[in-house]
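Heads up: the structure comes next, in structure tokens.
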Amino acid sequence: MKHITLLSSLLAASTIAAQTEVTISTAAGNTQQVYYSLATDAEHAVPLAEWDLAFQINGFESSILVNTAKGDKVFHTGVGVSDWASITAPDEEAWTEINNSETHWSKGALTYGNDIDDDGFNLGWGTYNMATHAVMGTEVYAVQLSNGTWKKLRIDGLIGGVYMFTYADLDGSQEVEAQLVKGDFSTKVFGYWDMTANAAVDHEPASADWDLLFTKYLSDLGVMWYGVAGVLQHPSVTVAQLDGVDPVSVDWLAADGQFSAEINTIGSDWKSYNGTAYEYPADRVYFVKDVAGNVWKLIFTGYGGAATGTMTFTKELVSATSVNEIASAGTAVVYPNPVEGGRAQLLLDLPASEAFVTVLDMNGKQVHAERLTGIVPMSVHPIGLDGLATGTYLLRVQHMAGVTTSKLIVR
């Protein structure tokens with residue numbers, strides 16, 4: 001097995017992987033939520049409508065989502081918990097309708113009005129006490145369930161890893177005092193609750209077992225919130241969207257500095273409807289850094305609409321965290337880097353005697369190519385880069401056992 005030397009710290013290596021087409025079905029009407037693992041192709045499909053509230057589990061996180069995607073509506077009433085009994089009938093004109101953020105899991109609907117970004121202690125639904133480390137509820141919400149039933153809801157507190165909450169009909173009848181224990185969902189991102197069945201729901205796979213969620217969700221269109229079908233990412237996954245590139249040839253290093261933790265980076269706008277059919281940007285690609293740190297290239301190619309709920313894309317592993325996989329492609333280091341005067345050297349340590357060297361600009365266009373022969377371990381080969389404009393490029397060294405890719409700067 002080839003040993004990874006200090007040279008590997010000078011470049012980002014990637015391995016050639018076959019491009020695979022994947023179709024995920026969220027079912028007719030997008031009634032299923034599908035949690036998907038890029039590495040294993042595992043799918044965990046669950047009914048979208050089986051929950052109403054979702055409670056964030058990890059660490060000190062305390063976001064609470066409401067399932068607006070299935071048709072639930074939630075309103076901030078402006079009434080404090082001490083005036084719980086004053087809410088007796090719907091008053092939508094006086095209340096403020098609120099929604100989950102489409103960009104951050106940590107900003108669920110019930111975090112509305114928080115001052116967390118300003119280092120405050122108001123979490124929206126309650127206030128954090130530094131002395132006791134408990135969060136005590138302060139707000140009363142009104143929830144119209146997807147079946148039309150109205151409920152009033154308060155989150156009584158989060159104490160010792162236990163969410164305590166109360167909901168009832170608006171007239172106070174059918175009151176339920178409930179608890180959701182974080183420890184019962186310790187491997188999950190959220191724990192879920194069904195307000196009709198009055199029970200917790202084990203909805204997600206383990207956090208380590210998924211990267212992307214294919215689902216219906218509400219998107220802010222500026223004038224209204226609207227249900228869309230798309231892809232949201234795991235809180236530990238980052239995604240870079242590149243436009244104006246050749247999706248086939250562009251290298252993932254072109255996405256350097258562009259990876260985003262916003263959960264709708266893929267979102268729903270990889271498709272558009274022209275009145276008769278769906279269209280897909282021909283110059284767009286997504287690079288996804290999964291939970292394990294592998295990087296995947298995704299190109300979305302199809303949506304079956306509400307009739308089938310299918311979403312189709314191709315995936316390709318372009319950078320693996322496995323040392324053995326990286327080692328199989330060898331190493332290639334260009335120096336000096338930055339290159340000045342158009343002349344540089346390539347230090348090659350490859351499991352092959354021949355290689356094809358290409359230089360790509362940041363849009364994936366090939367600007368230089370040459371074939372190298374007589375390669376032996378730790379051999380040095382001159383390359384001519386005359387004529388390249390000042391800027392950042394991608395250097396690819398491809399051979400029979402794999403490919404290595406590194407950043408090249410020309411001054």
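Computed over the chain, the per-residue total of -39500 (n - 2.57) for DSSP H runs of n ≥ 4 gives a 222 nm mean residue ellipticity of -500 deg cm²/dmol, rounded to 500.
Rounded, prolate or oblate for region 207-249? Axes are the square roots of the Cα gyration tensor eigenvalues, ordered a ≥ b ≥ c, and the cut-off for rounded is a/c under 1.5. Here region 207-249 falls in the oblate category. Modelled label positions at residue 352 and residue 45, each set 7 Å beyond Cα in the direction of Cβ, lie 4.0 nm from each other.
Could you tally up the Lys pairs in region 269-411 with alpha carbons closer than 16 Å? Skip any pair fewer than 8 positions apart unless they're on separate chains.
Details: 289/297; 289/315; 297/315; 365/407.
So the count works out to 4.
Counting only heavy atoms of the protein chains and using a 1.4 Å probe, residue 192 has close to 10 Å² of accessible surface. Starting from the Cα gyration tensor of region 66-106, take the square roots of the eigenvalues, sort them a ≥ b ≥ c, and report rounded, prolate or oblate (rounded when a/c is under 1.5, otherwise prolate if a/b is larger than b/c, else oblate). Taking the square roots of the gyration eigenvalues as a ≥ b ≥ c, region 66-106 is prolate.
Measure out, as a whole number of angstrom, how far apart the alpha-carbon centroids of region 77-131 and region 140-212 sit. Region 77-131 and region 140-212 have Cα centres separated by 15 Å.
What do you reckon, how do 259, 356 stack up by accessible area (1.4 Å probe), largest on top?
Details: 259 50, 356 95 Å².
Ranked from most to least accessible, the order is 356, 259.
Of 404, 187, the residue with the largest accessible area leads and the full order is 187, 404 (1.4 Å probe).
Modelled spin labels at residue 376 and residue 388, positioned 7 Å past Cα toward Cβ, are 2.7 nm from each other.
Only lysines eight or more places from residue 70 in sequence, or on another chain, were considered; those with a Cα closer than 19 Å are 107, 151, 152, 216. Springs between alpha-carbon pairs under 10 angstrom, Gaussian network model over the chain: which of 225, 296, 125 fluctuates most? The residue that fluctuates most here is 225.
Here the relative contact order of region 279-324, from alpha carbon pairs under 8 Å that lie six or more residues apart, stands at 33 percent. The slack in the chain from residue 162 to residue 194, taken as 0.36 nm per residue of separation less the alpha-carbon distance, amounts to 9.8 nm.
Each peptide among 338-347, 61-70 gets the average number of other Cβ atoms lying within 10 Å of its residues, and from highest to lowest they stand as 61-70, 338-347. Entry note, region 216-296: relative contact order of 34 percent, from Cα contacts under 8 Å with a spacing of 6+ residues. How much length, in nm to one decimal, is gained on full extension between residue 345 and residue 82, taken as 0.36 nm per residue of separation minus their Cα-Cα distance? Result: 87.3 nm gained on full extension.
Shape call for region 195-338 from the C-alpha gyration tensor, a ≥ b ≥ c root eigenvalues: rounded (a/c under 1.5), prolate (a/b greater than b/c) or oblate?
Values: a/c = 2.30, a/b = 1.45, b/c = 1.58.
Because a/c hits 1.5 or more and a/b fails to exceed b/c, region 195-338 counts as oblate.
Label reach from residue 206 (point 7 Å along Cα→C-beta): in region 53-71, amide nitrogens under 17 Å belong to 58. Taking the chain as a Gaussian network of alpha-carbon nodes connected by springs under 10 Å, the highest mean-square fluctuation of the residues 227, 309, 148 belongs to 148. Counting only protein heavy atoms, what percent of the accessible surface of the chain is carbon or sulfur at a 1.4 Å probe? Ligands and nucleic acids excluded, carbon and sulfur reach 51 percent.
Distances between every pair of Cα atoms in region 84-149, grouped in 5 Å steps from 0 to the bin holding the largest one, split as 4, 14, 20, 23, 18, 12, 7, 2, 0 percent.
All other residues with a Cβ under 13 Å from the Cβ of residue 88 taken together, and with Lys, Arg as +1 and Asp, Glu as -1, what is their net charge? Numbers along the way, then the final one.
Values: positive: 151, 152; negative: 83, 91, 169, 171.
The answer is -2.
Distance distribution P(r), region 126-182, all Cα-Cα pairs, bin width 10 angstrom from 0: 24, 45, 25, 6, 0 percent.
Please identify which residues in region 275-308 have an amide N closer than 14 Å to a label point set 7 Å out from the Cα of residue 21, following the Cα→Cβ vector. Output list for this probe position: 299-304. Stretching residue 28 away from residue 96 to a fully extended chain increases their span by 21.3 nm, per 0.36 nm per residue minus the current alpha-carbon distance.
When you count the other C-beta atoms within 10 angstrom of each residue and take the mean per peptide, 76-87, 375-386, 247-258 line up highest first as 247-258, 76-87, 375-386.
The values are calculated or read from the model by the stated rules, or taken from the named source; none is laboratory data. All of these numbers come straight from a predicted model, not from anything done at the bench. Reconstructed Cβ throughout: ideal geometry from the backbone, glycine too, with neighbour counts over all protein chains shown. These area figures cover heavy atoms from the full protein model, side chains too; ligands, DNA and RNA do not enter into them. Shrake-Rupley method; radii C 1.70, N 1.55, O 1.52, S 1.80 Å.
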